[in-house]
Amino acid sequence: MSIDVNLIRLSLARPAFTLDVDLALPMRGITALFGASGSGKTTLLRSVAGLERGRNGLVRIGAQVWQDDRRGIFLPAWQRPLGYVFQEASLFDHLDVRGNLEYGQRRSGRNESAMALDQAIDLLGIAALMQRRTSQLSGGERQRVAIARALATQPQLLLLDEPLASLDYARRQDILPWLERLRDELHIPMLYVTHAADEVARLADTLVVLDQGRVAACGPVAEVLARIDTPVVLGEDAGALLDGTVRERDARWHLARVGFAGGSLWLRDSGLDIGRRVRLRVLARDVSLATEEPHHTSVQNILPCVVQAVAPDGHPSQALVRLGVGESILLARITARSVDALKLAPGRPVWAQVKSVALIG
């Protein structure tokens, strides 16, 4: 397995499972490891951490080599400068929040650790929790404290293994903005294991899709999610991500217009300032197609597009259509009969009717 300035390589054999990946990953932002249960996400994470040892592995972070089997190098987990956040917060119940954080601070053994701890407390908004016992914390608060404790060690890499999986919907929505803040303000690369498509869409900069221990797709999150040739990425959550800017607000109808490379979309006004950069998600099931510009319709967002590709969907009655909208991509899920009736093929100009769009970050 290997992590370099931009690299992770791993080959790990087990009796009933083989994990064999070779990846180049950025040293900033969140890389999401996504896939079905048993695809190898947690095994990969544990191997990066040194909790499992891959065969013929190489792990390199910048100039630091954590594992290189050809040279007989293998650093145990405690010697690797990383932070690990598990599904369950795993806090010390006999200590209050401050005691838990100071444990992480002492573990770093660095003079600057006090500054790192203060930054973690600020980034995760937990200053008011410092005197509380861990039993008095909500699930979301426990995970924020666990992340802060990991950051207090001044890691060069932060590993998060489904940190929201044990939380209900309301608690997940509470902690997601804090994870976005870490992504945007920290210069620490993060590997984030999840099987939730909404977390990928909202948080990830880079997406690695694992399938039966191998890499099915890897790249910038918007590009990977827009692929229609990778079955493990498809499903009910198939859709496109758009990076845009708030261009206009319609006070009368409580709407905002977000411009992106290729057009603009109206959506519910959530009070964001004009000029604010945002991320939009458009699900394939919310896009219909027409070969002539629609008129007299309730759909507010109608975009001229060009068909780039058509692929079968999970059920034989359905198809996915990849659309070029200027420099951006949309996906549409329609029936295979509609594909035939409209004679859809690469290069065909169409109109996309976007029935719903979500502001996710």
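The values are calculated or read from the model by the stated rules, or taken from the named source; none is laboratory data. This is a predicted model, so every value here is computed, not measured. Every residue, glycine as well, gets a Cβ built from its backbone with ideal geometry; the counts of neighbours run over all protein chains shown.
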Residue match in the range 268-282 (condition: without any contact (Cβ under 8 Å) to a residue 12 or more places away in the chain and in a loop (DSSP other than H, G, I, E, B)) | yes
Look at the range 133-182 and say how many of its residues are out of contact with any Leu (no Cβ under 7 Å at 6 or more places or on another chain) and of a type in the set (Val, Ile, Thr).
-> 1
Subset of the range 256-289 that is surrounded by fewer than 15 Cβ atoms within 10 Å (Cβ to Cβ) and among the hydrophobic types (A, V, I, L, M, F, W, C) - its residue that is nearest to residue 197 (Cα to Cα) = 261
Selection from the range 311-349 of residues loosely packed, with under 11 Cβ neighbours inside 10 Å and among the acidic types (Asp, Glu) yields 327, 340
Could you please find all residues in the range 46-68 being among the hydrophobic types (A, V, I, L, M, F, W, C) and either closer than 17 Å to residue 84 by Cβ or part of a loop (DSSP other than H, G, I, E, B) (or both)?
-> 48, 49, 51, 59, 61, 63, 66
What is the residue count in the range 119-135 for residues that are part of a helix (DSSP H, G or I) and either more than 26 Å from the chain's Cα centre (by Cα) or under 11 Å from residue 100 (Cβ atoms) (or both)?
-> 5
Which numbered condition residue 203 misses (of (1) in contact with a Gly (Cβ under 7 Å, 6 or more places away or on another chain); (2) under 24 Å from residue 43 (Cβ atoms)) | (1)
Within the range 88-120, can you find the residues that are modelled with pLDDT of 85 or more and farther than 21 Å from residue 187 by Cβ?
-> 91, 92, 93, 94, 95, 96, 97, 98, 99, 100, 102
